[in-house]
Amino acid sequence: MSVSPFDSALMRDLFTDRDVATLFSDSADMRAMLVVEGMLAKVQGDLGVIPTDSAGFIHRSSLEVQIDPAGLAEATGQNGVCVPALVAAFRKEMEAPEHAQYAHWGATSQDIIDTGLALRLRQALALIEARGDRLAQALARLADTHADTPMVARTYGQTANPTSFGAVAAGWGWPWLAHRDRLAALKPRLLVVTLSGAAGTGAALGPQAADTRAALAEALKLADPGRSVHATRDHVAELAGWLTLVAGSPGKMGEDLMAMAQSDVGEVRFAGAGESSTMPQKQNPVGASVLIALARQVQALNGAMQGAALHRQQRDGAAWFTEWRSLPAMVMGVGKGLSIAADLAETLEPQAEVMAARLNDPLGLIHAEALSFALAAHMPRPEAQAVVKAACKEALATGTPLLDLLDAAHPGAELARVTEPAQAMGMAPSEARAFAQAVAGD
């Protein structure tokens, strides 16, 4: 087993989202940082901070130069950051020292690394949004199709009241609509330019430091934070929190599917279940299991990310390194989880007949609450509860259906109507359709 299953050739198809992996590769990191270096030179040339001809040369070179990340490994291990070696290699590759001297003018490593990360996060979040929307659409179809498909609702793992499978599917999907709203609010705080120089003061950037930062933000289509964000990591911690919320939604879906797929329940089937190495009868819910595992990992890494928000003084290497080790895996986990969840939702096979059979148990105890409220129209509520509770015990002891016992004792109460599916499911069908409409209206 490899140190990271995300980088494992063996585990690749189980845990890795290849599109996200591409964005967090070393080569993508190098390319993003070179884009930042080139655009920084360009805006500094436009502002007269560095010579215009040098700015143009550096910018063009940043688009053409290829730097091997492996060649920077030794220096990165020594320096703790790759930028000193990257800048040295970039200047060397330009083969024009009279221009190359102006590369990285007034910037510091964190400016380049964090701004490059913002560029890659923008792409990664676009992928995550697309996967989340695909999941929502698949769940909306399930919710609409099965709005009136009755099934058992369970609390504490025990039979509770009737609900509909459509409402269950909608419950898996509603959070994504909220996550998307949260992301829209987060993006302006997260996708920002970092440009403050060595100690966050911008001193080496000169009197036009703020103008340079604003121009760089406009050129890269990022936001200008209007301040140094070197040591205030709330925006990164907020992203980690958001990723944790998002991972939890398909994780909850996975937990529910695992319970519904149990051999003694059998309310759903998976189109592509996993095989056992020794038991031919097994159809393992691998996808649902991966959703749960990814959610748990993202939740665990969020603890490290929130701890990294305690960023000591003007720059904290340990906190920064913690971000590097945690955030890419969180993004990967969310991207893969949403993709798997969408696959499951698109191919899931709800077993309506099994759901109905589970609902219609011989004793009808699932309707106890509804029957107690129906009796409350004829007697005080506490008395109605006591009557139904006693009847439940008698039903279990004698094997007589609960409704028969109550009808015999209260023949004029017209109790059977509350056990009919349309009445027993309450608002579940309408909530299922409301979710489908909410997704269709986006």
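Here's how it looks for SER164: its modeled amide H is under 5 Å from those of MET151, which are all 5 or more places away or on a different chain.
Summarising the label geometry, the points placed 7 Å from Cα in the beta-carbon direction at HIS378 and ASN79 lie 8.5 nm from one another.
Applying a threshold of 29 Å to the alpha-carbon distances of LYS252/LYS393; LYS92/LYS336; LYS187/LYS336; LYS252/LYS389; LYS221/LYS336 flags LYS252/LYS393; LYS92/LYS336; LYS252/LYS389 as lying beyond it.
Between GLN66 and ARG141, what's the calculated FRET efficiency when r is the beta-carbon distance and R0 is 45 Å? Round to 0.05. Intermediate values should be presented prior to the final figure.
Values: r = 45 Å, r/R0 = 1.01.
Working from the Cβ atoms, E equals 0.50.
Relative to the Cα centre, the charge distribution of segment 1-80, modelled as +1 at Lys and Arg Cβ and -1 at Asp and Glu Cβ, gives a dipole magnitude of about 100 debye.
Between ALA126 and ARG269, the FRET efficiency from the beta-carbon distance, with R0 = 30 Å, is close to 0.35.
Among LEU121, LEU327, LEU363, the largest mean-square fluctuation in a Gaussian network model of the chain (Cα springs under 10 Å) belongs to LEU363. Each Lys and Arg Cβ is given +1 and each Asp and Glu Cβ -1; about its Cα centre, the chain then shows a dipole of about 660 debye. Between the amide H of ALA223 and those of VAL192, VAL193, distances stay under 5 Å, these residues lying 5 or more places away or on another chain, with hydrogens modeled in the peptide plane.
Using a ≥ b ≥ c from the Cα gyration tensor of segment 77-179 (square roots of the eigenvalues), is it rounded, prolate or oblate, where a/c under 1.5 gives rounded and otherwise the larger of a/b and b/c decides, a/b for prolate?
Details: a/c = 6.23, a/b = 3.70, b/c = 1.68.
Since a/c reaches 1.5 and a/b is larger than b/c, the shape of segment 77-179 is classed as prolate.
Here, segment 306-442 has an Rg and a Dmax of 26.1, 78 Å when only alpha carbons are counted.
GLU255 sits among other residues whose Cβ lies under 13 Å from its own Cβ, and their net charge, with Lys and Arg +1 and Asp and Glu -1, is +2. Can you tell me the orientation of helix 209-220 relative to the chain, as the angle in degrees between its alpha-carbon axis and the longest Cα principal axis, to the nearest 10? That works out to roughly 60 degrees.
Tell me, in nm to one decimal, what length is gained between ALA352 and ALA416 on full extension, where the rule is 0.36 nm per residue of separation less the Cα-Cα distance?
Details: separation 64, 0.36 × 64 = 23.04 nm, distance 2.26 nm.
Gain on stretching ALA352 to ALA416: 20.8 nm.
Taking R0 as 22 Å, what FRET efficiency do you get between THR22 and ALA185 from their Cβ-Cβ distance, rounded to the nearest 0.05? Don't skip to the answer; put the middle values down first.
Values: r = 27 Å, r/R0 = 1.25.
Once rounded, the FRET efficiency stands at 0.20.
Taking a Cβ cut-off of under 12 Å around ALA309, the surrounding Lys, Arg, Asp and Glu residues balance to a net charge of -2, with basic ones at +1 and acidic ones at -1. Compared with the dominant principal axis of the Cα atoms in the chain, helix 234-260 is inclined by about 30°. Working note: Karplus 6.51/-1.76/1.60 with θ = phi - 60° gives segment 34-49 the couplings 5, 4, 5, 4, x, 6, 4, 4, 4, 6, 5, x, 4, 8, x, 6 Hz, where Gly and Pro are set to x. Summing Cβ point charges (Lys, Arg +1; Asp, Glu -1) relative to the Cα centre of segment 1-147 gives a dipole of roughly 320 debye.
For the chain, the residue among GLY337, GLY248, VAL83 whose Cα projects farthest onto the positive side of the dipole built from Cβ charges is VAL83. The alpha carbon convex hull volume per residue for the chain rounds to 181 Å³. In whole Å, what is the distance between the alpha-carbon centres of segment 372-442 and segment 203-234? With segment 372-442 and segment 203-234 each reduced to a Cα centre, they are spaced 62 Å.
Pick from SER372, SER326, SER164: which is most flexible by mean-square fluctuation in a GNM of the chain where alpha carbon atoms under 10 Å apart are linked? Evaluated over the chain, the most mobile residue of the options is SER372. Placing a pseudo-label 7 Å from each Cα along the Cα-to-Cβ vector at ASP148 and ALA88 gives an inter-label distance of 7.4 nm.
Remark on ALA103: its backbone amide H falls under 5 Å from none of the residues 5 or more positions apart or on other chains, H modelled at 1.01 Å from N.
Apolar share of the accessible surface for the chain: 54 percent from carbon plus sulfur atoms, 1.4 Å probe.
Largest GNM mean-square fluctuation across MET94, MET253, MET39, computed for the chain with C-alpha springs under 10 Å, falls on MET94.
The values are calculated or read from the model by the stated rules, or taken from the named source; none is laboratory data. The shown structure was predicted, so the numbers you read here are calculated from the model rather than taken from an experiment. In this analysis, Cβ positions are derived from the backbone assuming ideal geometry, glycine residues included, and neighbour counts consider all displayed protein chains. Side chains included, ligands, DNA and RNA excluded: accessible areas come from the protein's heavy atoms. Shrake-Rupley method; radii C 1.70, N 1.55, O 1.52, S 1.80 Å.
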